[in-house]
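The values are calculated or read from the model by the stated rules, or taken from the named source; none is laboratory data. Please read all numbers here as calculations on a predicted model, not as lab measurements. As a convention, Cβ positions derive from the backbone with ideal geometry for all residues, glycine included, and neighbour counts pool all protein chains shown.
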Amino acid sequence: MIIVLLLPEKLPKKMVNRFFIEKINENFPYSFTNDQQKALDKIVDFLFSGIVDQLFLLTGYAGTGKSSLIGSLVRTMTQFRQKTILLAPTGRAAKVFSSYAAQQAYTIHKKIYRQQKFAEGTPSFTLAENLHKQTLFIVDEASMINNESADFSLFGTGRLLDDLIEYVYSGEGCRMLLIGDNAQLPPVKQENSPALDKEVLRSYSLQVTDATLTEIVRQAEESGILHNATLLRNAV
């Protein structure tokens with residue numbers, strides 16, 4: 001995915017990046033934490049890199065501002081007519097993603113699979129063709145993405161991460177940004193979340209850039225639930 005902005009030609013890359021970051025900041029309701037600023041610098045550099053076989057991984061615990069940061073990014077890209085597709089593993093997660101990004105989000109299964117024609121029996125779904133071009137696919141709640149193949153699966157290869165990456169990167173100029181929380185439980189029958197594992201992601205011959213948010217944002221510090229979750233996480 002290559003972002004094209006209507007700016008004077010031959011501007012230094014740092015200046016272009018700074019301009020885009022300023023526009024994201026205008027859509028951001030708070031002040032950036034140090035972590036958010038560093039992550040945003042990396043994300044914008046990723047967007048303008050022009051490297052096709054590249055993936056960005058953004059991780060962070062609850063309350064570190066992943067949602068607000070990505071929401072402002074999506075709104076800014078929309079303002080500049082840059083194409084984004086928002087995905088999540090479940091319908092509930094997609095609905096939450098839609099609310100904070102102010103854009104329709106879809107379940108991964110609905111987007112990347114298509115039903116095969118059948119006369120009778122159990123329907124099955126094959127990997128669809130990615131007809132999108134120069135599009136950034138942003139996937140929330142990536143910790144839930146399974147890659148453990150069952151003996152029989154109705155969907156594709158049965159390995160969701162494999163199928164997702166195959167689908168996205170088969171599209172012309174398409175890339176992906178994964179968002180997740182390492183503190184969440186991994187998918188069933190898996191010790192870790194494969195979609196949040198940089199080495200697993202690199203095994204797909206992708207250049208992986210990552211950023212981690214650790215600072216709890218001021219707006220979340222007063223949350224009793226978040227406070228207890230943080231205490232529990234630190235005790236484990």
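Quick rundown of the values:
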{"quantity": "Which numbered condition residue 94 fails, given (1) touching a helix residue (DSSP H, G or I) at 6+ places or on another chain (Cβ under 8 Å); (2) crowded, with 20+ Cβ neighbours inside 10 Å; (3) not β-branched (Val, Ile, Thr)", "calculated": "(1)"}
{"quantity": "Test for residue 95: is it in contact with a strand residue (DSSP E or B) (Cβ under 6 Å, 6 or more places away or on another chain), among the charged types (D, E, K, R) and either modelled with pLDDT under 95 or over 21 Å from residue 211 (Cβ atoms) (or both)", "calculated": "no"}
{"quantity": "Meets criteria (among the small types (Gly, Ala, Ser), in contact with a helix residue (DSSP H, G or I) (Cβ under 8 Å, 6 or more places away or on another chain), surrounded by 14 or more Cβ atoms within 10 Å (Cβ to Cβ) and not in a loop (DSSP other than H, G, I, E, B)) for residue 183", "calculated": "no"}
{"quantity": "Count of the range 38-72 residues which are among the polar types (S, T, N, Q) and crowded, with 21+ Cβ neighbours inside 10 Å", "calculated": "3"}
{"quantity": "Looking only at the range 25-51, and only at residues there that are in contact with a helix residue (DSSP H, G or I) (Cβ under 8 Å, 6 or more places away or on another chain) and β-branched (Val, Ile, Thr), the one that is farthest from residue 198 (Cα to Cα)", "calculated": "44"}
{"quantity": "In the range 120-147, residue surrounded by the most Cβ atoms within 10 Å (Cβ to Cβ) [restricted to those that are part of a loop (DSSP other than H, G, I, E, B) and touching a Pro at 6+ places or on another chain (Cβ under 7 Å)]", "calculated": "145"}
